[in-house]
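The block underneath contains the structure these notes are about, expressed in structure tokens.
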Amino acid sequence: MAFASENIKLYRLMEAWRENKNIDFNFYDAHDLYVSRDTSLPATIKRNLRQRMSNAKQIVLIGTPEAKRKGGDGNSSWLTRSQ
């Protein structure tokens, strides 16, 4: 699971689906591993994301225009360029 803090509501919705006994939906949240914060340096965030992804079989990315703006420098974004 990967998302920007602006998308926490979407993440919480997915948690609610996981907890609902009438919905067959499950995921393991890797946010407890390699923790990044809004105040983390970009290099730290990228390193932590790489570590999470290298340990995952599947990844869910919540990408929205708000997250793209946050991850960008005005010209590019982490969501649109390869690293």
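Filtering region 30-83 to residues that are at pLDDT 75 or above, more than 15 Å from A4 (Cβ to Cβ) and not in a helix (DSSP H, G or I) leaves L41, N55, A56, K57, Q58.
Is one or more of the residues making up region 13-29 at pLDDT below 75 and of a type in the set (V, I, T)? No, that holds for no residue. Residues of region 38-67 that are loosely packed, with under 11 Cβ neighbours inside 10 Å and farther than 21 Å from R12 by Cα: T39, L41, A43, S54, N55, K57.
The values are calculated or read from the model by the stated rules, or taken from the named source; none is laboratory data. What you see is a predicted model; the values in this text were computed from it and never measured. Note: ideal-geometry Cβ built from the backbone for every residue, glycine included; neighbour counts use all protein chains shown.
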